[in-house]
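Enquirer: Could you have a look at this structure, given as C-alpha cells, before my questions?
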Amino acid sequence: MRRPTRRRRLLTALATGLLLVAGPAVVLRTSPARALNNGVARTPPMGWNSWNTFGCNINETLIRQMTDAMVSSGMKDAGYQYVVVDDCWMNPNRDSAGNLQGDPTRFPSGMKALGDYIHARGLKFGIYQAPLDKTCAQYFNSYPGATGSQGREAQDARQFAAWGVDYLKYDWCSPTGSIDDQVRAFAKMRDGLAAAGRPIVLSINSNSIHSKTGPQRDWGDVSNMWRTTEDITNTWNSGQTNGYPMGIQNIVDVTVPLAARAKPGAFNDMDMMEVGRGGMTDTEMRSHFALWTILASPLIAGNDLRSMNTATQTILKNANLIAISQDPLALQATQVSFDGTRRVLAKRLANGDVAVALFNQGTAATTITTTASALGLSGGPFTLRDAWTNATSTTTGAISASVPGHGTVVYRVSGATSTPTPTPTTPTPTPTTPAPTTPPPSAGPCQVTYAISSQWPDGFQAEVTIRNTGTSAISGWNLRWSFANGQQVNQAWGGTYTQSGAQVTVTNASWNGTIAAGGSANFGFISTWSGGNTAPTAFTLNGQECSVA
C-alpha cells in the first residue's frame, strides 16, 4: 500500500534502512515449487483497485460508480473482473462478537450489499485486510482503530465468505517479524479461507515498511499472488532498487529474474497499474502495460474508470496483450538477452506461439533484434503479429524493430501451420449409385483435450483445450458436452458457462473468441460431483462433433 505523505515516506525509509542488507543483490531462498491449490487465479487476475487514485477517500457510492464504469467502458468485456476495495473501508471497531464491520458512514448499506451489487453486474468483489493488529492506514495513524486479522484469521475468513468476497488483498504493514513469521501469519489466512468454503484469491504484500521479502521466497505455496517490490509510483524510474517508491523500470528489474515462480494459481505481483493516471508519456504507459502482461503480473488497474480518455482505454483493453497475459500456460516471460539498454523477453504460449517483448530501457530510439531460434522456435517461416498495431509480417527467423526510448514492441510469433493437401495418385471413381441424401456423421475441424488437473472429495478442477484442426479461423465458439455422474460446474475462467441438467455449454470470453487455423483456445472450470468425475467422451463445437485427444 502506498504511504502518501512525506512523513510516512520518512518513516518508511528509516524503517527500511534498518532492515535491508547492504548492496543490491537479491538473495533467493528455496521453498516448495508448488502453487496454492485453491482453484482460483489460474491466469493472472484482472480488475481494479481503489488505492492508487483514491487512497482512504472511498465510500460505497464511489465503488458502485467504478463497478458501473467497469461495465460501461468495456473493461469487463475485455476481461477485467475484480472490483477491489482497499484500506479504510472498515468500522474502526469490531462488533460485540468480534466481527469486522463496514464503516457505517462510508458504507451504510454494509459490505455484503456492496458485494451483491458488484456480483449483480457480473463482476467479483475484492477487499483489503492486514495480518497483524493494524491495517497500513491504521499503522500510519491516517485511519482510526486496530482491526487487523491477527488472532482472528478464521473468523475474518468466515466473514469475508459470508459477504461474498472473491479476492483478499492482505498487506503486512509493519517493520516487525522475520520472513518465517510472515509465512506463518499469511498461511493462517490461507487456511482460514480454505476452511470458509468459498474460492477467494489471496493476494499478499510482504514488503510494506519491511525488508523486501517478496523476491526472497517463492510464495506460491501461501498465496495466489505476491508483491515482488515496494509500492509502485506514477513515474518511469524512481531511482530505487527495491525501496519506496518504485518506478516502472525499477519493478521490471526486480521481477524479471523471478520468472520460474509463475504458474497457474501463483504469480509475481508487480503492483497495481498506473496506466491512465498521468505522470508518464503514452509510450511509457504502453510499456508499463505490455511488460505487466508478458511478465504474467496481475492486471489490476488503479485509475479513475469514470474518466478514461481514448489513449488509456486503448492501452488497458488491448486484446492482443490481454490474450498473452491470460494464456492458460500462465508462464512469465524469461530474459533472452539484455545489454543494459536493450532487453528481450520471451513468453511461451499454450498453442506453441511465443510472445516476445523488445524493451528499450534507454531514452533514445534504438533497434532491438533477436531471432526465432533464440526464442526456442525452429522451422519457419514465421508470422509476426504486432500487439499494438495488429499488423502482421513474415520472417525466416530475424525479429527486429526500431523501438523508441522507454518503448516496448511486442510480437506474437507463430510458426508455419498449414500443410499442403496431397494430390491424389489415382483418379476418383465415378459413383454408380446415387449418393445418400444424409451424409454419415463425421468429426468437425476441431479436437478437444479434457484434463482433470486436481480433485478433492466432492469436486474437481478441469482444463480444456480446443484446437482448430481446420483450414480457416473459427470466429466465436461454444463447446458443449454432457456429464455422466451429476457433475455441476460452479466456476469457470476463459469462458462463460451454462448448464441444463447434465448438458454444459461453454462460450468464449471476449478476448479468446477467434481460434486461428492450427491454433487453440483454452478454458478451465471447477465442478462439484456426486458419484464420480468421469471425463466426457463427446464434444460439439458450434454444433459440429470434435475428436477427443
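The values are calculated or read from the model by the stated rules, or taken from the named source; none is laboratory data. In this text the structure is predicted, and so the values were computed from the model without any measurement. With ideal geometry, Cβ positions are generated from the backbone for all residues, glycine too; neighbour counts draw on all protein chains shown. Accessible surface areas use protein heavy atoms only, side chains included; no ligands, DNA or RNA. Shrake-Rupley method; radii C 1.70, N 1.55, O 1.52, S 1.80 Å.
Enquirer: I'd like to check something: does segment 209-223 contain any residue that is open to solvent by less than 20 Å² (accessible area, probe 1.4 Å), under 26 Å from residue 286 (Cβ atoms) and part of a loop (DSSP other than H, G, I, E, B)?
Expert: No, segment 209-223 contains no residue that is open to solvent by less than 20 Å² (accessible area, probe 1.4 Å), under 26 Å from residue 286 (Cβ atoms) and part of a loop (DSSP other than H, G, I, E, B).
Enquirer: On to the next question. With a cut-off of at least 3 residues that are over 19 Å from residue 406 (Cβ atoms), name the strands (runs of 3 or more DSSP E) lying wholly within segment 346-393. Give the steps one after another, and end with the answer.
Expert: Values: elements: 354-360, 366-371, 382-386.
It comes to 382-386.
Enquirer: Scanning for something modelled with pLDDT of 95 or more, in a helix (DSSP H, G or I), among the small types (Gly, Ala, Ser) and under 26 Å from the mean Cα position of the chain (by Cα), does segment 71-83 turn up at least one residue?
Expert: First, pick out the residues of segment 71-83 that are modelled with pLDDT of 95 or more: 71-83.
Those left that are additionally in a helix (DSSP H, G or I): 71-72, 75-78.
Keeping just the survivors that are among the small types (Gly, Ala, Ser) gives 72, 78.
From what's left, under 26 Å from the mean Cα position of the chain (by Cα): 72, 78.
Scanning segment 71-83, I find at least one residue that is modelled with pLDDT of 95 or more, in a helix (DSSP H, G or I), among the small types (Gly, Ala, Ser) and under 26 Å from the mean Cα position of the chain (by Cα), so the answer is yes.
Enquirer: Consider segment 121-160. How many of its residues are open to solvent by less than 10 Å² (accessible area, probe 1.4 Å), under 22 Å from residue 230 (Cα atoms) and outside any loop (DSSP other than H, G, I, E, B)?
Expert: The total comes to 7.
Enquirer: Test residue 231 against the stated conditions and say whether it is over 17 Å from residue 296 (Cα atoms), in contact (Cβ under 8 Å) with a residue 60 or more places away in the chain and touching an Asp or Glu at 6+ places or on another chain (Cβ under 8 Å).
Expert: Working: over 17 Å from residue 296 (Cα atoms): yes; in contact (Cβ under 8 Å) with a residue 60 or more places away in the chain: yes; touching an Asp or Glu at 6+ places or on another chain (Cβ under 8 Å): yes.
So residue 231 passes the test.
Enquirer: Taking only segment 330-339 into account, find how many residues are of a type in the set (A, V, I, L, M, F, W, C) and open to solvent by 60 Å² or more (accessible area, probe 1.4 Å). Step through it out loud before you land on a result.
Expert: Let us first name the residues in segment 330-339 that are of a type in the set (A, V, I, L, M, F, W, C), namely 330-331, 333, 336, 338.
Now narrow it down to the ones that are open to solvent by 60 Å² or more (accessible area, probe 1.4 Å): 338.
Number of matching residues: 1.
Enquirer: Any idea how many residues of segment 306-321 are closer than 16 Å to residue 49 by Cα and open to solvent by less than 10 Å² (accessible area, probe 1.4 Å)?
Expert: The qualifying residues number 1.
Enquirer: Residues of segment 126-182 being β-branched (Val, Ile, Thr) and closer than 17 Å to residue 211 by Cβ, which ones?
Expert: Quick first cut of segment 126-182, residues β-branched (Val, Ile, Thr) only: 127, 135, 147, 165, 176, 179.
Scanning segment 126-182 gives 176, 179.
Enquirer: OK, next. Which one of 355, 365, 350 is closer than 30 Å to residue 447 by Cα and open to solvent by 10 Å² or more (accessible area, probe 1.4 Å)?
Expert: Values: 355 fails: open to solvent by 10 Å² or more (accessible area, probe 1.4 Å); 365 fails: closer than 30 Å to residue 447 by Cα.
350 is the lone residue from the list that is closer than 30 Å to residue 447 by Cα and open to solvent by 10 Å² or more (accessible area, probe 1.4 Å).
Enquirer: Here's something else I'd like to know. Any idea which of (1) in a loop (DSSP other than H, G, I, E, B); (2) open to solvent by less than 10 Å² (accessible area, probe 1.4 Å) is the one residue 186 doesn't satisfy?
Expert: Here residue 186 meets the rest and fails (1).
Enquirer: Let me ask something additional. Out of (1) under 21 Å from residue 227 (Cβ atoms); (2) among the hydrophobic types (A, V, I, L, M, F, W, C); (3) in contact with an Asp or Glu (Cβ under 7 Å, 6 or more places away or on another chain), what's the single condition that is false for residue 165?
Expert: (3)
Enquirer: List every residue pair whose Cβ atoms sit under 6 Å apart, with the two residues 6 or more apart in sequence or on different chains, where the first one lies in segment 303-326 and is without any contact (Cβ under 8 Å) to a residue 40 or more places away in the chain and the second, anywhere, is crowded, with 21+ Cβ neighbours inside 10 Å.
Expert: That search, which allows pairs on different chains as well, returns 312/276.
Enquirer: Which one of these does residue 311 not meet: (1) part of a helix (DSSP H, G or I); (2) under 18 Å from the mean Cα position of the chain (by Cα)?
Expert: Just one mismatch for residue 311, condition (2).
Enquirer: Of the residues 38, 49, which is surrounded by 17 or more Cβ atoms within 10 Å (Cβ to Cβ), closer than 29 Å to residue 179 by Cβ, of a type in the set (S, T, N, Q) and touching a Pro at 6+ places or on another chain (Cβ under 8 Å)?
Expert: Going through 38, 49 in turn, the sole match is 38.
Enquirer: Please go through (1) out of contact with any strand residue (DSSP E or B) (no Cβ under 7 Å at 6 or more places or on another chain); (2) under 21 Å from residue 301 (Cα atoms); (3) of a type outside the set (A, V, I, L, M) for residue 142 and return the number of the only condition it doesn't satisfy.
Expert: (2)
Enquirer: Within segment 448-486, restricting attention to residues that are modelled with pLDDT under 80 and assigned to a strand (DSSP E or B), which residue is surrounded by the most Cβ atoms within 10 Å (Cβ to Cβ)?
Expert: 461
Enquirer: When residue 206 is evaluated against the numbered criteria (1) out of contact with any His (no Cβ under 9 Å at 6 or more places or on another chain); (2) surrounded by fewer than 21 Cβ atoms within 10 Å (Cβ to Cβ); (3) of a type in the set (Ser, Thr, Tyr), which criterion, by number, is the only one it fails?
Expert: Looking at each condition in turn, residue 206 falls short on (2).
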